[in-house]
Structures are given as C-alpha cells and as structure tokens.
Amino acid sequence: ETGVTQTPRHLVMGMTNKKSLKCEQHLGHNAMYWYKQSAKKPLELMFVYSLEERVENNSVPSRFSPECPNSSHLFLHLHTLQPEDSALYLCASSQVLGSLYGYTFGSGTRLTVV
Amino acid sequence: AQKITQTQPGMFVQEKEAVTLDCTYDTSDQSYGLFWYKQPSSGEMIFLIYQGSYDEQNATEGRYSLNFQKARKSANLVISASQLGDSAMYFCAMREEPSGGSYIPTFGRGTSLIVHP
C-alpha cells in the first residue's frame, strides 16, 4: 500500500466509451498530479492540482478531463480516446506543490484503447 | 532539448555487487533538485533519494547514494550490495526551483536494472 490508491488497475475500453480513472490519497497532501507513461518515453505530466485548483495543464487533448472534488480525490474522465492513448496512467501526490521530498505515486491504471 | 538524460536503457548486475546508474541534466537555474525513483513491475513509483543543488555533501539513503557532480551536471545513482528485489526501472528527475522555474519535476526515460543471482 503506497498511500495513493488508483482504481481500476487495468482498463480496456473502446474508442467510443466513456470511463473514469480514480485516485485517492489520505496522506494529507495538498497537491495531486496525473502522469502518462508510454513505452520508451519519459513520464509526461498531464495535470496538476494544488488545493483543489488546477495549476497546470500541459496541452493535453480535451478527450482527457480532470476533476478534483476535494484534496483527497482526483479523477481523470476519458471519452472518445484513440489507440495511442493506451498507456500507464499514474497519479501522484505531494505535501505541497513540488514538495522537497518528492512525490508519492500510485500503482497506476494500465489503459488499453481498442 | 532533453532536460534529463539517462543513457543506459538497460543494466545488468550480479547480486551483492554495486551498480551505478547514470543521469545527466540540463538547467540554467542555480537552484534545483534532483530525484531518483524506482518503478518495480507492479507499476508504482517509489521515491528513493533527493539531492539539492546547494547541498555540499552527496545524498545517501541506506544502500542508495547519489554521486552529485555539479560542474559536470551529473547525478548518478549508486546502489551498493545489489539485491534481487532491486530489479526495476529507475528514473532520474529534476525540479527547477523558482524564480522562473517550475516546481514540477521533469523525468528521464529510465534505466531498466536486472539483478542476477
């Protein structure tokens, strides 16, 4: 148990489906992040939330829509995805934005778009 | 241009031996932080060690140490007495600190480490 829980662990969805990824932390952290990890590519930062406010959005396609209803929960809503969106999606949290001692990551959701 | 470069896509080491994973970085900021993370096959990213740019001594955490050479802009991870459980992907990351920089770390492509019995 890493302290950051992501569900589901695996997800297979069609290009016309709508699904959501969930991330939950009870570490008292104020910042939460979504990362995309594709094979042989560096981790790509997608969204950053600090105190439930979005602070960064790295030119992510609109078919990805984040939601942070409170400081413990972060969602990534998916719709009309493309096969190239298949990847491991990692959620992370930190005590404050860019915390000195690094982040706590979840185990990720392995997404396959068919 | 890549800010973090990990030139070794894969490394092999014998159990109980030491191994060095390379990381070079590129920044014009004076204040920055360097991180190493471990990612086992289960997927989660585990924070290992942190080095601040103004820290005079190399960071150490148990069997992990960071060989920080500021002039060469390198931050190699040294794992001593390798264990089978060390087999994983290892990521180097840098956080450029304000002013002018982002709080958010940039990650390298990673190095896959396999420890042989």
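Below, the figures for the structure above:
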{"quantity": "Cβ-Cβ under 8 Å pairs, at least 6 apart or on other chains, region A:39-64 side more than 14 Å from chain B (Cβ to nearest Cβ), far side loosely packed, with under 12 Cβ neighbours inside 10 Å", "calculated": "A:E52/A:P69; A:E52/A:N70; A:R63/A:Q82"}
{"quantity": "Region B:1-23 - residue that is part of a strand (DSSP E or B) and away from every other protein chain (no Cβ under 14 Å) and, of those, nearest to the chain's Cα centre (by Cα)", "calculated": "B:L21"}
{"quantity": "Flag if A:H10 is of a type outside the set (S, T, N, Q), under 18 Å from B:I46 (Cβ atoms) and within 16 Å of the chain's Cα centre (by Cα)", "calculated": "no"}
{"quantity": "Among residues of region A:26-38, those that are surrounded by 16 or more Cβ atoms within 10 Å (Cβ to Cβ) and more than 9 Å from chain B (Cβ to nearest Cβ), counted", "calculated": "5"}
{"quantity": "Complete set of residues in region B:38-62 that are within 10 Å of chain A (Cβ to nearest Cβ), surrounded by fewer than 19 Cβ atoms within 10 Å (Cβ to Cβ) and in contact (Cβ under 8 Å) with a residue 24 or more places away in the chain", "calculated": "B:P40"}
{"quantity": "B:A75 vs. criteria modelled with pLDDT of 95 or more, touching a Ser or Thr at 6+ places or on another chain (Cβ under 8 Å) and more than 13 Å from every other protein chain (Cβ to nearest Cβ)", "calculated": "yes"}
{"quantity": "Residue in region A:5-25 that is touching a residue at least 24 places away in the same chain (Cβ under 8 Å), surrounded by 18 or more Cβ atoms within 10 Å (Cβ to Cβ), within 11 Å of another protein chain (Cβ to nearest Cβ) and within 30 Å of B:S53 (Cα to Cα) present", "calculated": "no"}
{"quantity": "Condition check for A:S107: touching a Phe, Trp or Tyr at 6+ places or on another chain (Cβ under 7 Å) and either in a strand (DSSP E or B) or facing chain B (nearest Cβ under 10 Å) (or both)", "calculated": "no"}
{"quantity": "Lone qualifier among B:Q30, B:Q8, B:Q2 - being touching a strand residue (DSSP E or B) at 6+ places or on another chain (Cβ under 8 Å) and not hydroxyl-bearing (S, T, Y)", "calculated": "B:Q8"}
{"quantity": "Matching entry among B:S42, B:S65, B:S112 (being of a type outside the set (D, E) and assigned to a loop (DSSP other than H, G, I, E, B))", "calculated": "B:S42"}
{"quantity": "Test: residue in region A:49-60 that is closer than 18 Å to B:Y90 by Cα, of a type in the set (A, V, I, L, M) and out of contact with any Pro (no Cβ under 7 Å at 6 or more places or on another chain)", "calculated": "no"}
{"quantity": "Output for region B:25-37, where each listed residue is within 14 Å of chain A (Cβ to nearest Cβ) and surrounded by 18 or more Cβ atoms within 10 Å (Cβ to Cβ)", "calculated": "B:Y25, B:Y32, B:G33, B:L34, B:F35, B:W36, B:Y37"}
{"quantity": "Any hit, region B:79-102, residues being part of a strand (DSSP E or B), loosely packed, with under 14 Cβ neighbours inside 10 Å and not acidic (D, E)", "calculated": "no"}
{"quantity": "Among (1) out of contact with any Pro (no Cβ under 9 Å at 6 or more places or on another chain); (2) crowded, with 17+ Cβ neighbours inside 10 Å; (3) more than 9 Å from chain A (Cβ to nearest Cβ); (4) of a type outside the set (F, W, Y) - the single one B:P117 does not satisfy", "calculated": "(2)"}
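The values are calculated or read from the model by the stated rules, or taken from the named source; none is laboratory data. Small disclaimer: the values here were computed from a predicted structure and weren't measured. Cβ coordinates were reconstructed from backbone atoms using ideal geometry, including for glycine residues, and neighbour counts include every protein chain displayed.
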